[in-house]
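Have a look at the structure below, then the notes.
The values are calculated or read from the model by the stated rules, or taken from the named source; none is laboratory data. Values in this document were obtained by computation on a predicted structure and should not be read as measured data. Every residue, glycine as well, gets a Cβ built from its backbone with ideal geometry; the counts of neighbours run over all protein chains shown.
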Amino acid sequence: MEIKLKILTIDSLSQLQILMEKSNDYLTFEDEAPVKPSAAQDLFKARPDGIEDQDKVVLGVYNVQEQMVGVFDLIKGYPNPKTLTLGLMLLEPNSRGKGIGNKAYNVLEEWVVNQQFYKIRLGVLFGNEKGLGFWIRMGFIETGEVKQRLTKKVLVLEKRISTL
């Protein structure tokens, strides 16, 4: 099974919106509300204060049939210049539990190294045990930081991927 990542642009909004609506189980858990009609557009716009447009990257995850089956939401150089923050990894329900997430993450890690980042940082919502298990299997470790997202807590994980 081959997985490709492609940088998404505003032209991909309708395709991304369909993916997000298919994945409403996780997104409703994360956002504590149903998926909005503007969810794809909101994903493109969402970034921490002080982050420039060129530091926000949304990558589509595509299968061999060129269908978008997932998405990565990334912030380059946050919170420090050599760290990439993964804001969201989302797979459509039919693509879960089949090894696609592992393959997509491995392709992402190659992309991150090629972009000359040495660490990936992400957060896992408390209550997302499958997600936490996945990231630990991928080699991430807990930083000890806990942040807040809406009414939920988020456990921060990191993985050093290069010695640049």
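Would you check which residues across the range 69-95 are of a type outside the set (A, V, I, L, M) and closer than 22 Å to LEU27 by Cα and list them? Passing the criteria: GLY70, PHE72, ASP73, THR85, GLY87, GLU92, PRO93, ASN94, SER95.
Go through the residues of the range 131-147 one by one and say whether even a single one is over 15 Å from the mean Cα position of the chain (by Cα), surrounded by 13 or more Cβ atoms within 10 Å (Cβ to Cβ), at pLDDT 90 or above and within 15 Å of LEU74 (Cα to Cα). Taking every residue of the range 131-147 in turn, none turns out to be over 15 Å from the mean Cα position of the chain (by Cα), surrounded by 13 or more Cβ atoms within 10 Å (Cβ to Cβ), at pLDDT 90 or above and within 15 Å of LEU74 (Cα to Cα). Scanning the range 11-41 for residues that are without any contact (Cβ under 8 Å) to a residue 40 or more places away in the chain and surrounded by 14 or more Cβ atoms within 10 Å (Cβ to Cβ) gives LEU13, GLN17, GLU21, ASN24, VAL35, LYS36, ALA39, ALA40, GLN41. Of all residues in the range 76-108, those being within 15 Å of LYS4 (Cβ to Cβ) and crowded, with 18+ Cβ neighbours inside 10 Å number 7.
Being within 20 Å of GLN116 (Cα to Cα) and not aliphatic (A, V, I, L, M) is a property that TYR78 has.
Taking the numbered list (1) within 23 Å of LEU19 (Cα to Cα); (2) within 16 Å of the chain's Cα centre (by Cα) in turn, VAL64 passes all entries but (2). Scanning the range 62-78 for residues that are in a loop (DSSP other than H, G, I, E, B) and under 18 Å from GLY101 (Cα atoms) yields a total of 5.
Residues in the range 109-118 that are closer than 16 Å to LYS56 by Cβ and either in contact (Cβ under 8 Å) with a residue 40 or more places away in the chain or surrounded by fewer than 12 Cβ atoms within 10 Å (Cβ to Cβ) (or both): 3 in all.
Identify, please: which residue in the range 60-75 is surrounded by fewer than 21 Cβ atoms within 10 Å (Cβ to Cβ) and among the aliphatic types (A, V, I, L, M) and is, among those, farthest from ARG47 (Cα to Cα)? Here the residue is VAL64. Can you name every residue in the range 148-157 that is surrounded by 12 or more Cβ atoms within 10 Å (Cβ to Cβ) and touching a residue at least 60 places away in the same chain (Cβ under 8 Å)? Those that are surrounded by 12 or more Cβ atoms within 10 Å (Cβ to Cβ) and touching a residue at least 60 places away in the same chain (Cβ under 8 Å): ARG149, LYS152.
Within the range 36-45, not a single residue is hydroxyl-bearing (Ser, Thr, Tyr) and in contact with a strand residue (DSSP E or B) (Cβ under 9 Å, 6 or more places away or on another chain).
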